[in-house]
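These notes concern the structure reproduced below.
What follows draws every value from the coordinates through simple rules; no lab data is involved. What you are looking at is a predicted structure, and each value in this text was computed from that prediction instead of being measured. In this analysis, Cβ positions are derived from the backbone assuming ideal geometry, glycine residues included, and neighbour counts consider all displayed protein chains.
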């Protein structure tokens, strides 16, 4: 278990923001939310 997928999306958003491409960063928000929810669920089920 890990947050690799979440980290990957966050990194892509950060890079897009640094490049000034805020539309690309905004486009990944839904994916970021989904990956965060998936990680939360995995952590909850690991208890």
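With coordinates expressed along the principal axes, the C-alpha atoms belonging to segment 4-45 extend over 38, 15, 8 Å, beginning with the largest. Here the sum of -39500 (n - 2.57) over DSSP H runs of 4 or more residues, divided by the residues of the chain, equals -25500 deg cm²/dmol at 222 nm, to the nearest 500. With the simple spin-label model, which puts each label point 7 Å out from Cα in the Cβ direction, the residue 22 to residue 41 separation comes to 3.2 nm.
Give, in nm to one decimal, the length gained when the segment between residue 33 and residue 12 is fully stretched (0.36 nm per residue of separation minus the Cα-Cα distance).
6.2 nm
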